[in-house]
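Engineer: One structure, as structure tokens, below. Some questions next.
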Amino acid sequence: MWPVYEVPLEYLAHLVTVPVTVNGVETTFVVDSGIGFTILRDTLPGCVPTGETFTGKRMSGQDVTVPLATAPSLVFGGEERRDVQVGLLDMSGFPDALEHVGGFLSLAFFAETVLTVDYPRGRVVVGGPADGVEVPCRAEWDGPALSLHMPLVLPDGRVAEVEVDMGSDALILDDRFRELGSAEERRVDGTDETGHAYTRRFTTLPGRVHVPGVPELGQDDPEVMFQSIIYDGLVGQQFLRRFVVSFDVAASRLVLG
């Protein structure tokens, strides 16, 4: 049973960051519900490689393989967890803004408790009650990785199943929903870290997106990015930070206060 504690959060652009101590080293982690499982910078000392790897998929379908390791000690909010399974990642190619980030805390790290991101108060609360409107979700495990998917009503009435991704900012939708977007869009062509070429289109989504049956829990004319992805979409911080958001994986639900 996890104790109840809360930790002040800070923003790095749209990312939520918190202080974490890994093997005695104080550092900063991003809390990211879309990362899958907990990832550490491969230069952090003290982690013990297991000799195994894990392969997961990016939203665009590319396989990404990381070596697995055991972190002897991970302290968050004064609570120490020992022998935590983590992935090790070479973050040397990440943007300079992330140079002081030691890793990413995943939803899987909190799978046995309730994780609440209290955006209005600027706090991350672990183990407390979840108060608000319950949104039934689908929790999906892929080996050590966990993702949570919620229904989201689009402006034309269709219900998309979107991954709840604190690592994203704007709403992301698959290209098959592109006709819902504004005619004015900005196109970006590029290549991601895996060498995969992509086309992303940025625009607004006229109308309201909202929780099924609760239209007041929604967002009007959200920014949206269209790309060919393996999901219906991902809902990010522009939507989430309107609420107190509780992740209750054991009950397969999101609670929006």
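Engineer: Hey, could you check segment 186-198 for residues that are among the β-branched types (Val, Ile, Thr) and more than 16 Å from ALA170 (Cβ to Cβ) and say which is most open to solvent (accessible area, probe 1.4 Å)?
Structural biologist: Across segment 186-198, the extreme among qualifying residues is THR191.
Engineer: Here are some conditions: (1) in contact (Cβ under 8 Å) with a residue 40 or more places away in the chain; (2) open to solvent by 10 Å² or more (accessible area, probe 1.4 Å). ASP221 meets all but one. Which one does it not meet?
Structural biologist: All conditions pass for ASP221, except number (1).
Engineer: Also, quick follow-up: Quickly run through segment 21-35 and pick out the residues that are surrounded by 24 or more Cβ atoms within 10 Å (Cβ to Cβ) and either on the phi > 0 side of the Ramachandran plot or of a type in the set (Val, Ile, Thr) (or both).
Structural biologist: Answer for segment 21-35, where residues must be surrounded by 24 or more Cβ atoms within 10 Å (Cβ to Cβ) and either on the phi > 0 side of the Ramachandran plot or of a type in the set (Val, Ile, Thr) (or both): VAL22, VAL31, ILE35.
Engineer: Suppose we filter GLY122, GLY103, GLY127 for residues that are modelled with pLDDT of 95 or more and buried (at least 17 other Cβ atoms within 10 Å of the Cβ); which single one remains?
Structural biologist: Result of the check over GLY122, GLY103, GLY127: GLY103.
Engineer: Identify all residues within segment 48-86 that are farther than 25 Å from ILE230 by Cα, in contact with a Leu (Cβ under 6 Å, 6 or more places away or on another chain) and of a type outside the set (Gly, Ala, Ser); write none if there are none.
Structural biologist: Of everything in segment 48-86, those that are farther than 25 Å from ILE230 by Cα, in contact with a Leu (Cβ under 6 Å, 6 or more places away or on another chain) and of a type outside the set (Gly, Ala, Ser) turn out to be THR50, GLU52, ARG81, VAL84.
Engineer: Please identify the pairs in which a residue from segment 173-198 that is free of Cβ contacts under 8 Å to residues at least 60 places away in the same chain has its Cβ atom under 8 Å from the Cβ atom of a residue that is open to solvent by 70 Å² or more (accessible area, probe 1.4 Å) and not in a strand (DSSP E or B), counting only partners at least 6 apart or on another chain.
Structural biologist: Qualifying pairs under 8 Å: ASP174/SER228; ASP175/SER228; PHE177/ARG158; LEU180/ASP156.
The values are calculated or read from the model by the stated rules, or taken from the named source; none is laboratory data. Just so it is clear, the structure is predicted and the values come from calculations on it, not from any experiment. Virtual Cβ from ideal backbone geometry, glycine too; neighbours counted across all protein chains shown. Protein only, heavy atoms only, side chains kept; ligands, DNA and RNA dropped before computing areas. Shrake-Rupley method; radii C 1.70, N 1.55, O 1.52, S 1.80 Å.
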